[in-house]
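J.: Mind looking over this structure? Questions follow.
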Amino acid sequence: MKFNITQPNLTPLNRALEGALLNKINTKTKPLGSLGSLEAIALQIGLIQQTLSPRLSGATMLVFAGDHGIVEAGVSPYPQAVTAQMVLNFLQGGAAINVFARQNNMQLRVIDAGVNHTFEAHPDLIHAKVGLGTGNFLHEPAMSMLQCEQALTAGAEVSKKEISAGCNVFGFGEMGIGNTSSASCLMSLLCNLPLEECVGRGTGLDDAGLTQKTAVLKQALSFHQLNGGNTLRVLATFGGFEIAMMAGAMLAAAEQKTVLLIDGFIATAALLVAYKLQADILQYCVFTHCSGEAGHRRLLEHLGVVPLLDIGLRLGEGTGAALAYPLVQAAVNFLNDMASFESAGVSSKADEAC
């Protein structure tokens, strides 16, 4: 089925099995609700997969990389070249996401969505470059509408290929110097929030740097004079190739009934774009952590979701999603493998009352 970026073929969860799943969860040898968020995740994954015995297979971490022209305006303490250097670090196995993905047996795929560098072939690198970085949205749109649509569609193809290979659970991460600036502008417009509530220190700006970043982004918003009414126009104007491609990958993955593990601020901004295109995507998402980046908590609140972890992470790369994946596995495992009161011969609270 062809992916339609303006009308994703994504359906809300069929809740016909909800009663049976809740009964299975509630009759395990534990007090009602005592496994907290794991019980909600077990129910969610059972509904996504439409089974009382869900399975996670081929867990894959997708890390999308792209460069941003807005870096020219001094919004980051790091030079643009760091994006390409970190992609090479991913491919050499030396980054945090490599460590955590290996630890949790997750396949890592790095997608060159638009890095200002030409990479040699590598088995873990997917070449999907839309351009050598976006335009500087202080003075021009970050990308054309055609490039925006190309990135969304390419992201969808990445997901579909991994699903065909047996993946039914994705982690989403990113790498791109300057991408917290894009995410802040997307959040401000698409959530109708003051920019000051969306901007943070990114890769470590000091107070003066944060003031400069905020001023630059306010100038950019004023220059383009957009509101949040046209999601794709907002994305094309302020987004990054990696953010757009990630949004497309998320939409296509949800279309195919897979579990989406959403990482930090940038990944959640990509999810925000996807949500504005198809709100039902939230039902397929597990929000893995709350980032230390200032706007992320406010963005999670806007979406009405509660993250699994809140441990001060703000690295990106998908690290929070990888670290939370064992909890998602635990949710599925207790549903499948934990004894029920009946099978274990343990009296339930109802039995004791009789």
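J.: Tilt of helix 145-164 relative to the longest C-alpha principal axis of the chain, in degrees (0 to 90, nearest 10)?
T.: That works out to roughly 30 degrees.
J.: Place a point 7 Å from Cα of Asp280 in the direction of its Cβ. Which residues in segment 35-53 have their backbone N less than 16 Å from it?
T.: Once the point is set 7 Å along Cα→Cβ of Asp280, 47-50 turn out to lie under 16 Å by backbone N, inside segment 35-53.
J.: Can you figure out the FRET efficiency of Leu32 with Ile311, using R₀ = 22 Å and their beta-carbon distance, to the nearest 0.05?
T.: On the way: r = 28 Å, r/R0 = 1.25.
Computed FRET efficiency for Leu32 and Ile311 comes out at 0.20.
J.: Turning to a different aspect of this structure: Using +1 on the beta carbon of Lys and Arg, -1 on that of Asp and Glu, and nothing else charged, what's the dipole of the chain about the Cα centre, debye to 20? If you can, show how the numbers build up before the last one.
T.: Working: 21 positive and 28 negative charges, 95 e Å.
Dipole about the Cα centre, nearest 20: 460 debye.
J.: Follow-up. On a C-alpha basis, how far is the centre of segment 48-120 from the centre of segment 234-300 in Å? Whole number, if you could?
T.: 15
J.: Count the net charge of all other residues whose Cβ sits under 14 Å from the Cβ of Gly316, scoring Lys and Arg as +1 and Asp and Glu as -1.
T.: Details: positive: Arg201, Arg314; negative: Glu174, Glu242, Asp263, Glu293, Glu317.
With Lys, Arg at +1 and Asp, Glu at -1, the net is -3.
J.: Moving on. On C-alpha positions alone, give me the angle between the axis of helix 319-337 and the longest principal axis of the chain, in degrees, nearest 10.
T.: 20
J.: Can you match Cα Rg over 2.2 N^0.38 Å to one of these, (1) 0.96; (2) 1.27; (3) 1.01, based on a calculation from the structure here?
T.: Matching the structure shown: (3).
J.: Projecting each Cα onto the charge dipole of the chain (Lys/Arg +1, Asp/Glu -1 at the beta carbon, about the Cα centre), which of Ala215, Ala101, Thr83 comes out farthest on the positive side?
T.: Of Ala215, Ala101, Thr83, it is Ala101.
J.: Expressed as a rounded percentage, what relative contact order does the chain have, with Cα pairs under 8 Å and six or more residues apart?
T.: Working: 712 pairs, mean separation 89.3, N = 354.
Averaging sequence separation for qualifying contacts and normalising by length gives 25 percent for the chain.
J.: Based on the alpha-carbon gyration tensor of segment 99-241, what equivalent-ellipsoid semi-axes (square roots of 5 times the eigenvalues) come out, in whole Å, largest first? Working shown, then result.
T.: Values: eigenvalues 170, 66, 45 Å².
They are 29, 18, 15 Å, listed largest first.
J.: Distance in nm between label sites at Thr51 and Ala330, each 7 Å beyond Cα in the beta-carbon direction?
T.: In this crude label model, Thr51 to Ala330 measures out at 2.3 nm.
Every number here is computed from the coordinates shown, using simple stated rules; none is lab data. If you're wondering where the values come from, they're calculated on a predicted model, not measured in any experiment. No Cβ is skipped: glycine too gets one built from the backbone with ideal geometry, and neighbour counts run over all protein chains shown.
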